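Read through the structure below, which is laid out as structure tokens, and then see the notes.
The values are calculated or read from the model by the stated rules, or taken from the named source; none is laboratory data. Note that the structure is a prediction, hence the values are computed from the model and not measured. No Cβ is skipped: glycine too gets one built from the backbone with ideal geometry, and neighbour counts run over all protein chains shown.
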Amino acid sequence: MVTVPALCEKPHDAVRCKRLTDRHGRRITDLRISITDRCSYKCVYCRTGNDGAVYAELPIAEYLRIARVFVALGIEKIRLTGGEPLLRRELPELLRELSALRTLDGEPLDLALTTNGHLLEEMAPRLRDAGLSRITVSMDAVDAEKFARITRVPGSYQRVLSGIRAAKRAGLDPVKVNCVLLRGFNEDQIVPFARFSREEDVIVRFIEFMPLEEDRLWTPESVVSLREITSALNGFRPLVSLAPNTASETAVRYTFDDGVGEIGIIAPVTQAFCGHCSRVRLTSDGKIRTCLFSQSDHDLYGVLERGGSDDDLAVFIRRTVEQKEARHHIGEPDFLKPSRSMVHIGG
Ligand code: SAM
């Protein structure tokens with residue numbers, strides 16, 4: 001049991017103060033945990049094609065211990081990610097433990113997972129049994145040859161497609177498919193993905209390409225913007241807006257005029273949503289990142305390694321979260337690329 005240290009100055013405010021809040025007044029309720037930075041794909045917008053990187057991951061029990069402390073501080077949603085989280089054999093056990101946790105309001109945690117889908121066909125039923133109820137699969141083309149050019153792994157399309165279908169069969173709901181659009185690679189996939197959403201009954205989400213890749217590919221021109229995406233979709237069938245599911249939802253949601261299919265567009269570059277950001281990240285080596293574009297990490301695992309108690313972890317987390325950046329500066333003259341790429345941060 002974690003006893004949360006009362007850093008709050010007004011005792012009557014203790015409950016509110018117990019919950020993580022940054023100095024800009026945003027409540028932090030969403031934690032992304034990267035459980036490995038290994039990945040079986042080498043997507044061009046994420047990783048370099050060269051091998052030889054040094055990887056870092058913690059024993060699964062350490063992620064669980066850290067997650068428990070975060071939940072005691074007000075985290076309500078945990079997304080497991082990587083690298084590729086399905087590469088960790090102990091993933092079902094971790095999910096089982098996390099799904100038993102309760103938020104400060106006594107509700108089950110909102111548990112989510114992002115995967116490249118390569119191992120999903122065989123693992124989907126076990127993930128469902130372990131307590132996962134929904135899943136996000138990354139797929140950047142519905143064309144096998146184009147997809148392999150992006151992942152740099154032959155045969156990847158068929159495996160991911162089979163994984164998506166297996167996730168649906170296993171009862172994971174919703175199944176979301178994330179597609180990063182990158183000019184020169186897959187901007188012609190917008191309408192094919194609209195058809196895919198309608199035919200496969202999955203939510204397709206287009207993501208604007210962010211400067212988080214290991215290779216230096218990003219330019220403002222390489223970003224396929226929300227405006228361009230909605231224009232292509234409207235040319236296919238008229239879009240109809242859907243209300244956000246939550247106040248801190250990152251995707252702008254649409255369906256079509258006949259109500260079939262759902263599209264989300266995540267536009268961190270052209271329509272930043274930092275003002276209602278509720279997220280922090282834990283990297284696979286146990287560092288807290290308060291923003292994807294942070295210039296530094298905060299070594300939470302160091303506290304644990306030095307024998308710190310859960311209360312010490314809680315104090316460190318609270319102080320770190322308070323320092324969360326107001327916003328990112330993509331596209332501005334003072335923008336500095338972060339010290340880590342997406343695969344080492346955890347998307
Ligand atoms: N391996 C898993 C996967 O493929 O989904 C989880 C990790 S991956 C880093 C998480 C998400 O980040 C994926 O949906 C991926 O498409 C997205 N991503 C990676 N690099 C990105 C970039 N430079 N811009 C936008 N999204 C990116």
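Would you check if A314 is modelled with pLDDT of 85 or more, of a type in the set (A, V, I, L, M), more than 14 Å from the ligand (Cβ to nearest atom) and within 21 Å of L80 (Cα to Cα)?
Values: modelled with pLDDT of 85 or more: yes; of a type in the set (A, V, I, L, M): yes; more than 14 Å from the ligand (Cβ to nearest atom): yes; within 21 Å of L80 (Cα to Cα): yes.
Yes; evaluated as a whole, the condition is true for this residue.
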Exercise. Which of the residues spanning segment 204-221 are buried (at least 19 other Cβ atoms within 10 Å of the Cβ) and not in a loop (DSSP other than H, G, I, E, B)?
Worked result: V204, R205, F206, I207, E208
Problem set entry | Close pairs (6 angstrom Cβ cut-off, 6 or more residues apart or separate chains): over 27 Å from K168 (Cβ atoms) and more than 6 Å from the ligand (Cβ to nearest atom) in segment 203-216, among the β-branched types (V, I, T) and modelled with pLDDT under 95 anywhere | E214/T48; D215/T48
For this session: Just give me the residues in segment 217-260 being within 16 Å of the ligand (Cβ to nearest atom) and among the polar types (S, T, N, Q), in sequence order.
Result: T219, S222, S225, T250
Exercise. Just a yes or no: is a residue in segment 233-252 within 18 Å of P174 (Cβ to Cβ), touching a Lys or Arg at 6+ places or on another chain (Cβ under 8 Å), touching a residue at least 12 places away in the same chain (Cβ under 8 Å) and surrounded by 19 or more Cβ atoms within 10 Å (Cβ to Cβ)?
Worked result: yes
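In segment 101-138, how many residues are assigned to a loop (DSSP other than H, G, I, E, B) and either away from the ligand (no atom under 12 Å from the Cβ) or at pLDDT below 95 (or both)?
Matching residues across segment 101-138 total 12.
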For this session: Report whether or not T255 is surrounded by 15 or more Cβ atoms within 10 Å (Cβ to Cβ) and out of contact with any Ser or Thr (no Cβ under 8 Å at 6 or more places or on another chain).
Result: yes
Seminar exercise, completed: Scanning segment 142-165 for residues that are in contact with a Pro (Cβ under 8 Å, 6 or more places away or on another chain) and in contact (Cβ under 8 Å) with a residue 12 or more places away in the chain gives V142, D143
Exercise. Across segment 21-65, which residue is modelled with the lowest pLDDT among those that are more than 21 Å from L113 (Cβ to Cβ) and touching a His at 6+ places or on another chain (Cβ under 9 Å)?
Worked result: A53
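What is the residue count in segment 38-52 for residues that are in contact (Cβ under 8 Å) with a residue 12 or more places away in the chain and more than 9 Å from the ligand (Cβ to nearest atom)?
Step one: list which residues in segment 38-52 are in contact (Cβ under 8 Å) with a residue 12 or more places away in the chain, which gives 38-49.
When the remaining residues are screened for being more than 9 Å from the ligand (Cβ to nearest atom), the result is 38, 42, 44, 48-49.
Residues meeting the conditions: 5.
Report yes if some residue within segment 75-89 is part of a loop (DSSP other than H, G, I, E, B) and surrounded by fewer than 17 Cβ atoms within 10 Å (Cβ to Cβ); otherwise report no.
Start the filter on segment 75-89 by keeping residues that are part of a loop (DSSP other than H, G, I, E, B), which leaves 75-76, 82-84, 88-89.
Of the ones still in play, those that are also surrounded by fewer than 17 Cβ atoms within 10 Å (Cβ to Cβ) are 89.
Within segment 75-89, one or more residues are part of a loop (DSSP other than H, G, I, E, B) and surrounded by fewer than 17 Cβ atoms within 10 Å (Cβ to Cβ).
Would you mind finding the one in A167, A141 that is farther than 30 Å from H329 by Cβ, in contact with a Cys (Cβ under 8 Å, 6 or more places away or on another chain) and within 16 Å of the ligand (Cβ to nearest atom)? Quick ask: steps written out before the conclusion?
On the way: A167 fails: in contact with a Cys (Cβ under 8 Å, 6 or more places away or on another chain).
From the options A167, A141, the qualifying one is A141.
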Problem set entry | Flag for R149 being modelled with pLDDT of 95 or more, over 27 Å from A67 (Cα atoms), outside any strand (DSSP E or B) and more than 16 Å from the ligand (Cβ to nearest atom) | no
Exercise. How many residues, within segment 239-267, are under 18 Å from K176 (Cα atoms) and touching a Leu at 6+ places or on another chain (Cβ under 8 Å)?
Worked result: 9
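Just wondering, is there one or more residues in segment 55-64 that are in contact with a helix residue (DSSP H, G or I) (Cβ under 7 Å, 6 or more places away or on another chain), of a type outside the set (D, E, K, R), free of Cβ contacts under 8 Å to residues at least 60 places away in the same chain and not in a helix (DSSP H, G or I)? Quick ask: steps written out before the conclusion?
Restricting attention to segment 55-64, the residues satisfying the condition of being in contact with a helix residue (DSSP H, G or I) (Cβ under 7 Å, 6 or more places away or on another chain) are 58, 60, 62-64.
From the residues that got through so far, the ones that are of a type outside the set (D, E, K, R) too are 58, 60, 63-64.
With free of Cβ contacts under 8 Å to residues at least 60 places away in the same chain added as a condition, the list becomes 60, 64.
Filter once more, so that each one left must be not in a helix (DSSP H, G or I): none.
The answer is no; no qualifying residue exists.
Given the structure, is I229 in contact (Cβ under 8 Å) with a residue 60 or more places away in the chain, farther than 26 Å from L64 by Cβ, crowded, with 19+ Cβ neighbours inside 10 Å and β-branched (V, I, T)? Show your work before the answer.
On the way: in contact (Cβ under 8 Å) with a residue 60 or more places away in the chain: no; farther than 26 Å from L64 by Cβ: yes; crowded, with 19+ Cβ neighbours inside 10 Å: yes; β-branched (V, I, T): yes.
No; evaluated as a whole, the condition is false for this residue.
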Exercise. Is it the case that some residue within segment 175-186 is within 15 Å of the ligand (Cβ to nearest atom), under 26 Å from E76 (Cα atoms) and touching a residue at least 60 places away in the same chain (Cβ under 8 Å)?
Worked result: yes
For this session: Consider G259 carefully, then state whether it is more than 19 Å from the chain's Cα centre (by Cα), modelled with pLDDT under 95 and not hydroxyl-bearing (S, T, Y).
Result: no
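Residue check: is I330 part of a loop (DSSP other than H, G, I, E, B) and either within 30 Å of K42 (Cβ to Cβ) or more than 14 Å from the ligand (Cβ to nearest atom) (or both)? Walk me through it before giving the result.
Numbers: part of a loop (DSSP other than H, G, I, E, B): yes; either within 30 Å of K42 (Cβ to Cβ) or more than 14 Å from the ligand (Cβ to nearest atom) (or both): yes.
For I330, the condition - part of a loop (DSSP other than H, G, I, E, B) and either within 30 Å of K42 (Cβ to Cβ) or more than 14 Å from the ligand (Cβ to nearest atom) (or both) - is met.
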